[in-house]
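Trainee: What follows is a single structure, and I will ask about it in a moment.
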Amino acid sequence: MSATNSQNIQTLLKAEKEASLIVDKARQYRVQRLKEARTEAKKEVTERAEAIKQELASIVQNSDDIKTLETQIKSQTEVRIKELDEAYAKNKDTAVAKLVDTVLGN
């Protein structure tokens with residue numbers, strides 16, 4: 001009986017050792033998987049940050065383009081207003097005289 005008990009104990013010890021190896025492998029796998037997940041998350045965060053930077057740069061560029069266009073339009077408008085003021089000043093006396101002649105029938 002003692003041989004059978006000894007053999008059973010050896011079988012239990014062997015099973016315990018195998019179970020311990022399985023648990024260790026599972027822990028190692030879990031640790032490895034966590035590292036991979038962390039690395040993948042960092043990569044995704046970096047990619048998203050880069051995409052946001054590019055989007056912001058595009059918005060800033062568009063804003064600068066709009067400001068430049070706004071300045072050009074303002075300048076062109078001022079030039080056109082000045083031209084119209086000059087044309088008005090130059091032609092107002094003639095226009096008034098023609099209106100008076102037309103109204104009075106001269």
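Here, each number is a calculation from the coordinates, and none is a lab measurement. Quantities reported herein were computed from a predicted structural model and do not represent experimental measurements. No Cβ is skipped: glycine too gets one built from the backbone with ideal geometry, and neighbour counts run over all protein chains shown.
Trainee: Test R48 against the criterion of being surrounded by 10 or more Cβ atoms within 10 Å (Cβ to Cβ) and over 16 Å from the mean Cα position of the chain (by Cα), and give yes or no.
Mentor: In short, no.
Trainee: Taking region 91-106, which residues are loosely packed, with under 10 Cβ neighbours inside 10 Å and in a helix (DSSP H, G or I)?
Mentor: Those that are loosely packed, with under 10 Cβ neighbours inside 10 Å and in a helix (DSSP H, G or I): D93, T94, T102, V103, L104.
Trainee: Can you spot a residue in region 2-14 that is loosely packed, with under 10 Cβ neighbours inside 10 Å and of a type outside the set (S, T, N, Q)?
Mentor: Yes; the residues of region 2-14 include at least one that is loosely packed, with under 10 Cβ neighbours inside 10 Å and of a type outside the set (S, T, N, Q).
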